[in-house]
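Notes follow once the structure below has been shown.
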Amino acid sequence: MGRLVSVGLILALTLSAAAKRVLYVTHSAGFRHGSIEVSRRVMAQAAERSGKLEVVSTEDLSMLEPERLREFDVLFFFTSGELALTQAQREGLLEFVRAGKGFGGAHSATDTLYTWPEYGELIGGYFDGHPWTQEVSIDVEDPDHPAARHLAPSFRILEEIYQFREFSRERVRVLMTLDTRTADLKAQGVSRNDGDFALAWVREFGRGRVFYTALGHFDETWLDARFQKMLEQTLLWLAGEAEGSAAVRKSAPVIGQVSALGQAGDGMVMAGRYVVISGDGLTSGSTAVAAGSPVKLAGTQVLWNGEPGGLVLVSPRALVAEAPAGLDENITAEVIVVSGNVERSAPRTVLVRRE
């Protein structure tokens with residue numbers, strides 16, 4: 001009996017320590033990206049570094065048969081075009097995620113399965129062109145999520161930048177978004193007029209987790225250590241091995257009071273000095289502190305007469321900002337908080353003073 005118990009215990013411990021399995025699908029039914037081969041190596045290396053994951057790469061769509069899919073914990077697409085999936089495969093894929101597994105996608109995973117609306121709902125939107133291929137700055141809106149934490153508050157990268165249709169913040173939690181000051185919004189092909197160019201997001205789907213990033217066009221992106229760390233942390237999160245919220249958050253910021261730092265009262269600020277803005281919904285949920293004074297933190301901006309100013313700290317109920325030194329003395333300035341890059345507060349008028 002004792003021997004049987006010992007063998008059973010060893011077997012149980014072995015099974016509990018087994019790696020979570022990721023099925024990485026790179027089937028191209030449309031445009032085939034040259035970075036696919038590199039991506040396979042990078043995904044395998046990310047899994048190996050984690051010590052908790054195993055990646056199986058395939059272009060064989062029969063691997064998406066429900067009985068085969070059940071062997072995995074995460075399904076990740078770098079696909080394109082109308083994949084020839086049977087109805088059973090489609091239903092099985094959705095049930096796989098609803099039942100608590102993970103689904104991820106990179107780059108052209110949104111340029112896939114346009115004729116299957118449920119897929120667009122699952123991944124969060126569809127590709128609607130790439131107006132820019134250039135170096136841009138990307139803002140991190142959720143520095144609390146493990147997939148984006150190491151990239152905060154922002155980073156620059158050369159990429160083919162996507163825009164999306166059938167995308168809504170009502171359904172997804174945005175992790176990263178384009179800093180539109182680094183791209184020409186009047187460029188040919190730009191179709192969004194709200195300035196909201198999300199580039200990575202997560203969402204809940206039943207009991208499962210979903211992640212998507214628009215990055216991944218170039219070999220260089222996959223070989224970038226920052227992107228590789230994002231993939232590793234994302235795969236762990238999708239497999240339930242890392243914590244991070246996917247709950248939707250969308251706030252309309254409300255300014256309660258604007259005052260000079262360390263001074264009581266409301267409505268008077270000092271040009272070139274720190275200002276405290278209190279209120280509600282001032283960020284879309286994150287708290288972040290700057291090492292220096294970047295213009296954006298956690299996807300939040302403070303506009304002074306329409307021009308952005310520096311931020312030192314942001315949280316949902318209070319911001320510490322810099323009143324621009326160039327503000328004229330004894331004039332009124334209009335202050336607006338922009339949360340999640342798109343939601344704007346009502347303007348608040350303050351009086352500007354100098355020492």
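For the range 33-57, name all the residues that are surrounded by fewer than 18 Cβ atoms within 10 Å (Cβ to Cβ) and among the hydrophobic types (A, V, I, L, M, F, W, C).
Result: 38, 44, 56.
Can you name the residue in the range 70-128 that is more than 28 Å from residue 219 (Cβ to Cβ) and aromatic (Phe, Trp, Tyr) and, of all such residues, is surrounded by the fewest Cβ atoms within 10 Å (Cβ to Cβ)?
Among residues in the range 70-128 that are more than 28 Å from residue 219 (Cβ to Cβ) and aromatic (Phe, Trp, Tyr), the one surrounded by the fewest Cβ atoms within 10 Å (Cβ to Cβ) is 116.
What is the one condition in (1) over 13 Å from the mean Cα position of the chain (by Cα); (2) within 22 Å of residue 343 (Cβ to Cβ); (3) crowded, with 19+ Cβ neighbours inside 10 Å; (4) in contact (Cβ under 8 Å) with a residue 40 or more places away in the chain that residue 163 does not satisfy?
With (1) over 13 Å from the mean Cα position of the chain (by Cα); (2) within 22 Å of residue 343 (Cβ to Cβ); (3) crowded, with 19+ Cβ neighbours inside 10 Å; (4) in contact (Cβ under 8 Å) with a residue 40 or more places away in the chain applied to residue 163, the lone miss is (4).
Hey, among 162, 126, which residue is modelled with pLDDT of 95 or more, hydroxyl-bearing (Ser, Thr, Tyr) and touching a helix residue (DSSP H, G or I) at 6+ places or on another chain (Cβ under 6 Å)? Talk me through it step by step, then tell me what you get.
Details: 162 fails: touching a helix residue (DSSP H, G or I) at 6+ places or on another chain (Cβ under 6 Å).
Result: 126 is the single residue among 162, 126 that is modelled with pLDDT of 95 or more, hydroxyl-bearing (Ser, Thr, Tyr) and touching a helix residue (DSSP H, G or I) at 6+ places or on another chain (Cβ under 6 Å).
Yes or no, residue by residue, for (1) of a type in the set (Ser, Thr, Tyr); (2) under 14 Å from residue 342 (Cβ atoms):
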residue: 128; (1), (2): no, no
residue: 135; (1), (2): no, no
residue: 151; (1), (2): no, no
residue: 154; (1), (2): yes, no
residue: 174; (1), (2): no, yes
residue: 178; (1), (2): no, yes
residue: 182; (1), (2): yes, no
residue: 187; (1), (2): no, no
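For the range 56-110, how many residues are touching a Ser or Thr at 6+ places or on another chain (Cβ under 7 Å), more than 26 Å from residue 198 (Cβ to Cβ) and of a type in the set (S, T, N, Q)?
1
Select, from 106, 88, 152, 84, the only residue that is over 26 Å from residue 30 (Cβ atoms) and small (Gly, Ala, Ser). If you could, list the steps in order and put the result at the bottom.
Numbers: 106 fails: over 26 Å from residue 30 (Cβ atoms); 88 fails: over 26 Å from residue 30 (Cβ atoms); 84 fails: over 26 Å from residue 30 (Cβ atoms).
Checking each option against the conditions leaves just 152.
Check every one of the helices (runs of 4 or more DSSP H) wholly within the range 11-130 and list those with 2 or more residues that are without any contact (Cβ under 8 Å) to a residue 40 or more places away in the chain and closer than 28 Å to residue 169 by Cα. Even if it seems obvious, please write down each step before you answer.
On the way: elements: 36-50, 66-69, 87-98, 117-123.
Answer list for the range 11-130: 87-98, 117-123.
Could you please find all residues in the range 147-162 being within 17 Å of residue 300 (Cβ to Cβ) and either assigned to a loop (DSSP other than H, G, I, E, B) or acidic (Asp, Glu) (or both)?
148, 152, 153
Among the candidates 156, 173, 169, single out the residue that is surrounded by 18 or more Cβ atoms within 10 Å (Cβ to Cβ) and either modelled with pLDDT of 95 or more or among the small types (Gly, Ala, Ser) (or both). Spell out the reasoning first.
Values: 156 fails: surrounded by 18 or more Cβ atoms within 10 Å (Cβ to Cβ); 169 fails: either modelled with pLDDT of 95 or more or among the small types (Gly, Ala, Ser) (or both).
Every option except 173 fails the conditions.
Quick check on my filter: what residues within the range 207-238 are in a loop (DSSP other than H, G, I, E, B) and either closer than 21 Å to residue 169 by Cβ or not assigned by TED's automatic domain parsing to the domain that holds residue 32 (or both)? If you could, list the steps in order and put the result at the bottom.
From the range 207-238, those in a loop (DSSP other than H, G, I, E, B) are 207, 214-218, 224; that's our starting set.
214, 215, listed by residue number.
The values are calculated or read from the model by the stated rules, or taken from the named source; none is laboratory data. Keep in mind that this is a model prediction, so the values were computed, not measured. Don't worry about glycine lacking a Cβ; one is built from the backbone with ideal geometry, like all the others, and counts go over all protein chains shown.
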